[in-house]
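Okay, so here's the structure we're looking at.
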Amino acid sequence: MIPIEVKNLSFQYAKDARKILHNLELTVATGEIVAIVGLSGIGKSTLCYCLSGIIPHVYGGVMEGQVYLNGRDTRDLTLPQIATTLGIVFQNPDNQLFSFTVEDEVAFGPENLCLPPEEIEHRITDALKKVGMSEFRHANPQQLSGGQRQLIALASVLSLQPEILIFDEAMSQIDRDGRKLILDMMLKLKAEGRTIVMIEHDFANLAVADRVLVLKDGHLAPFAGKLS
Amino acid sequence: MSYLDPRTKLVMVLTVSSLAVLITNLYLLILVQIIAVATVTAAGGSILDMLKKLKKFLLIFVVIVFVQSIFTKGGQPLWQVMNFTIISDLGLFRGLQMILRFFIIISSASIMTTSTPREIIQGLVQCKIPYEMAFMVTIAIRFLPILRDEANDILTAIQLRGINLRQIPLLKRLKTYSYLLMPMITSVLLKAQELSIAMELRAFRAYPQRTSLRVLKMQRLDYLVMAVCILVFLIIMVLALKIK
């Protein structure tokens with residue numbers, strides 16, 4: 001089954017006269033890392049929202065075409081259903097982390113899925129081990145560095161065991177060491193067979209990608225080294 | 001006693017603060033204050049922290065005494081200026097009553113600080129309070145320091161443009177503070193939106209109920225402490241009614 005399949009996707013925000021995405025096509029295979037680059041305000045985050053079901057479930061606007069996650073249209077899935085298939089790591093870790101300990105943060109998703117405590121425990125241990133943050137289990141996320149906080153945000157998504165991961169400019173607010181941690185993590189996840197879409201503005205981070213696409217005028221095209 | 005269930009601590013706080021509100025007798029209020037301090041100490045709280053909290057309210061306490069004195073009719077005047085009573089014995093008595101009430105409520109609330117926010121939330125959830133509401137409390141506690149820092153950053157940015165807030169007149173200063181509103185509201189709305197999306201994409205409200213990694217269990221000691229709280233409440237209330 002194809003993890004991500006976008007067919008003829010167009011989107012227009014309610015208060016915008018123009019379509020920000022225009023007949024966009026995209027297919028991402030299992031275990032592939034696809035990077036999407038583009039100028040600011042071109043619609044990269046909007047595309048992220050469409051892929052993750054935030055559009056049309058949270059944001060209003062006119063959405064045409066289909067987004068399929070493992071063959072199922074995002075319109076037919078609820079956000080909690082999507083959460084077990086797709087996880088998203090946003091730009092600012094501060095707006096994703098709200099618990100007082102790392103353990104609580106990572107437990108949040110599995111608790112929402114009504115998993116038994118033993119399974120939650122197992123998932124926390126597993127997710128923290130994957131991102132190499134086991135020793136910070138009882139720490140306050142606010143006392144960690146930007147890169148470490150972003151890894152905790154990733155662990156909290158991984159605890160839901162999604163097959164698809166989206167990184168929406170997840171490295172834009174972290175230092176070089178933090179970026180290296182995230183990039184290494186992406187390669188590890190790819191090796192596990194997870195599908196990754198990364199939205200990027202920093203070309204230095206594109207080395208891990210199998211394919212780089214540029215978003216321009218609402219379409220995706222292979223990246224030829226220049227944005228404009 | 002810091003290992004007491006947060007629900008037990010909540011009962012302790014409710015008992016002491018209810019007594020502070022219901023009792024008018026000054027001596028009984030002093031007794032309740034002593035009980036509050038003893039309870040905080042027994043629950044593992046720090047008296048020093050409690051005093052630090054109370055210090056912040058010192059000015060308010062002084063104002064309360066004066067306001068009570070000026071607006072309380074009757075009693076013997078203790079300090080008069082041109083036949084106008086500034087402090088009377090009855091006003092002073094009422095002011096002390098109010099201050100003691102504040103003292104008791106603030107110091108009893110320190111009991112809750114001996115539990116982690118997570119334990120308190122879990123306690124609330126297990127008291128059948130909807131978990132959405134419990135999370136609202138968590139998020140408010142978690143984001144308040146961030147909003148305070150943000151307000152400070154905006155104020156610093158204003159001052160870096162050459163406005164010295166300490167030297168400008170009060171009215172102008174208040175107007176300058178109003179410039180905080182717009183960026184603060186925008187920032188809060190954006191944060192709230194991003195946070196709600198992040199939560200929804202982690203299956204928040206996927207089901208009407210949710211499980212929890214840690215489940216609180218009441219011990220025998222918790223039931224005993226709760227019983228003692230009820231007993232103390234009843235004894236002091238009976239004493240209060242008899243003294244009346």
Report task. Look at the range A:137-154 and say how many of its residues are closer than 24 Å to residue A:204 by Cβ and crowded, with 21+ Cβ neighbours inside 10 Å. Result -> 7
Query - Test: residue B:221 is surrounded by 12 or more Cβ atoms within 10 Å (Cβ to Cβ), at pLDDT 85 or above and not assigned by TED's automatic domain parsing to the domain that holds residue B:27 - result: no
Report summary line: For the range B:34-58 the number of residues that are part of a helix (DSSP H, G or I), touching a residue at least 12 places away in the same chain (Cβ under 8 Å) and over 15 Å from residue B:239 (Cβ atoms) is 9
Report summary line: Among residues of the range A:94-144 being touching a Lys or Arg at 6+ places or on another chain (Cβ under 8 Å) and more than 10 Å from chain B (Cβ to nearest Cβ), the residue farthest from residue A:156 (Cα to Cα) is A:130
Requested in this report: Return the residue satisfying two criteria in turn: it lies in the range A:73-88 and is surrounded by fewer than 24 Cβ atoms within 10 Å (Cβ to Cβ) and touching a residue at least 40 places away in the same chain (Cβ under 8 Å), and of such residues it is nearest to the other protein chains (Cβ to nearest Cβ).
Outcome: A:84
Query - Test for residue B:107: is it among the small types (Gly, Ala, Ser), without any contact (Cβ under 8 Å) to a residue 40 or more places away in the chain and assigned to a helix (DSSP H, G or I) - result: no
Query - Which listed residue is closer than 20 Å to residue A:95 by Cα, of a type in the set (Gly, Ala, Ser) and at pLDDT below 95, from A:204, A:153 - result: A:153
Query raised in the report: Are any of the residues in the range A:50-72 free of Cβ contacts under 8 Å to residues at least 12 places away in the same chain and more than 19 Å from the chain's Cα centre (by Cα)?
Result: no
Query raised in the report: Would you say residue A:63 is in a loop (DSSP other than H, G, I, E, B) and either out of contact with any Asp or Glu (no Cβ under 6 Å at 6 or more places or on another chain) or within 29 Å of residue A:151 (Cα to Cα) (or both)?
Result: no
Query raised in the report: So which helices (runs of 4 or more DSSP H) are wholly in the range B:138-244 and hold at least 3 residues that are farther than 21 Å from residue B:15 by Cα and within 14 Å of chain A (Cβ to nearest Cβ)?
Result: B:181-200
Query - Tally of residues being part of a strand (DSSP E or B) and surrounded by fewer than 19 Cβ atoms within 10 Å (Cβ to Cβ) across the range A:14-25 - result: 3
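Each row is one residue, and each column tells you yes or no for (1) outside any helix (DSSP H, G or I); (2) within 15 Å of the chain's Cα centre (by Cα); (3) within 27 Å of residue A:100 (Cβ to Cβ).
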| residue | (1), (2), (3) |
| --- | --- |
| A:150 | no, yes, yes |
| A:156 | no, yes, yes |
| A:167 | yes, yes, yes |
| A:184 | no, no, no |
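The values are calculated or read from the model by the stated rules, or taken from the named source; none is laboratory data. Only a predicted model underlies this, so the values are computations on that prediction, with no experimental measurement involved. Reconstructed Cβ throughout: ideal geometry from the backbone, glycine too, with neighbour counts over all protein chains shown.
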